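What follows is a short report on a single structure.
Quick note: the coordinates plus some simple rules give every number you see, no bench work behind them. Since we're looking at a predicted model, the values are computed, not measured. In this analysis, Cβ positions are derived from the backbone assuming ideal geometry, glycine residues included, and neighbour counts consider all displayed protein chains.
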Amino acid sequence: MKCPHKAHVAVVDGTRFVIMRNKGQVFEPKLETVCTPNLETTNFSAGVRHQDDAGQRLGRTDLNELAHAAAATEWLNQQALDGKIDQLLIISDPKTLGEMRRHYHQELQQRLVGEIAKAVAHEPVPVIEKVLAVN
């Protein structure tokens, strides 16, 4: 995946959210951690879609994780609206990414340079850089 120089990279899953910036080149990313926002998970709107009792008991749906994805997206939306993010690439596990897409603001969508559906939020930075370089 082409990750432009100085583009922000959001690495997200149901419990972790890290903002990085590419200090390297397009095909040789070098990520630097910018911040780890402290999120308030108050948006449990996914609960409307995930009321299947069997899914809850079997652990297929965790509303707290989906609320974390919504909170991360709300944070990113605000950064885009405030002009603090020009280019953004999101790396997230498929379930979290699916929930995030439901909350994208139009301004954030215009700033997206890509999405990678991979669970790497708890991996070290060199592994994340490798994922960027090969996808």
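If amide hydrogens are placed 1.01 Å from N in the peptide plane, which non-local residues have theirs closer than 5 Å to the one on Asp62?
Long-range HN contacts for Asp62: none found.
Mean-square fluctuation check for the chain, GNM, Cα pairs under 10 Å: which of Lys84, Lys118, Lys23 is largest?
Lys84
Which value in deg cm²/dmol, rounded to the nearest 500, describes the helix-derived mean residue ellipticity at 222 nm for the chain, given -39,500 (n - 2.57) per DSSP H run of n ≥ 4 and division by the residue count?
Taking each H run of at least 4 residues, the total per residue is -10500 deg cm²/dmol.
Return the long-range amide H neighbours of Val9 (sequence gap of 5 or more, or a different chain), with a cut-off of under 5 Å between placed amide H atoms.
It is Met20, Arg21, Asn22, Leu89, by chain and number.
Once whole DSSP H runs in the chain are found, which of them have Cα atoms spread over 30 Å or more along the helix axis and a mean Kyte-Doolittle score of at least -1.0?
Taking the DSSP H segments of the chain (at least 30 Å long, mean hydropathy at least -1.0), we get none.
Among DSSP beta bridges whose residues both lie in the chain, state the antiparallel percentage, nearest 5.
50
Cut-off under 18 Å on the C-alpha distance; same-chain residues fewer than 8 positions from Lys130 excluded. Which lysines are left, in chain and number order?
Partners found: Lys2, Lys6, Lys23, Lys30, Lys118.
Please check the chain for the longest run free of chymotrypsin sites (Phe, Trp or Tyr not before Pro) that are loop-located per DSSP (anything but H, G, I, E, B) and have at most 13 other Cβ atoms within 10 Å.
45-135
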